[in-house]
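The values are calculated or read from the model by the stated rules, or taken from the named source; none is laboratory data. Note that the structure is predicted; figures quoted are calculated from it, not measured. Cβ: placed from backbone, ideal geometry, glycine included. Neighbour counts: every protein chain shown.
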Amino acid sequence: MKYDAVIQLPQSENLKPGMSAEVEVLIASRKNVLTVPVAAIVETENNETLCWINTPQGIKKQTLQTGENNDKFVEVVSGLRAGQEVVLNPLAFITEAQQEALKITGSAKTTDNQPADKPVNSSKDKPEGSKAKAKPKKPAP
């Protein structure tokens, strides 16, 4: 993320008008935590955090509890052990990951009912030069 900021510095002959700088601001620091690359994480609409791990039996989906993160890494609170291999970018390679990411949490009912408004069928019911337009129907609750 980029933010514009105005910072007052002590005068120096090395500073010139119009100069700019890129800085990183350390907000939090954690030591001895397990992290995985952001690219290994899939978040579902159900707020479930998943990754896929490489096991002797093959690739396996794993649910994670995560903590802090930045633009590169996510802290893993539970669900993984140090040394386990995670799949990077599982959405590109694993169909199950794609399906998890695309799950729909709600559902809509379909009906076989005819619309309440009758469609215009004859030219005498329409003003000359116009066409009947379908009106979107609001879904039933």
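Residues being in a strand (DSSP E or B) and either over 27 Å from Lys2 (Cα atoms) or in contact (Cβ under 8 Å) with a residue 40 or more places away in the chain (or both): count how many of those fall in the range 44-87. Qualifying residue count for the region: 21. If you go through the range 31-41 and keep only what is under 12 Å from Val86 (Cα atoms) and part of a strand (DSSP E or B), you end up with Thr35, Val36, Pro37. Could you grab me the full set of residues in the range 45-73 that are touching an Asp or Glu at 6+ places or on another chain (Cβ under 8 Å), surrounded by 16 or more Cβ atoms within 10 Å (Cβ to Cβ) and either modelled with pLDDT of 95 or more or not hydrophobic (A, V, I, L, M, F, W, C) (or both)? The answer is Thr49, Thr66.
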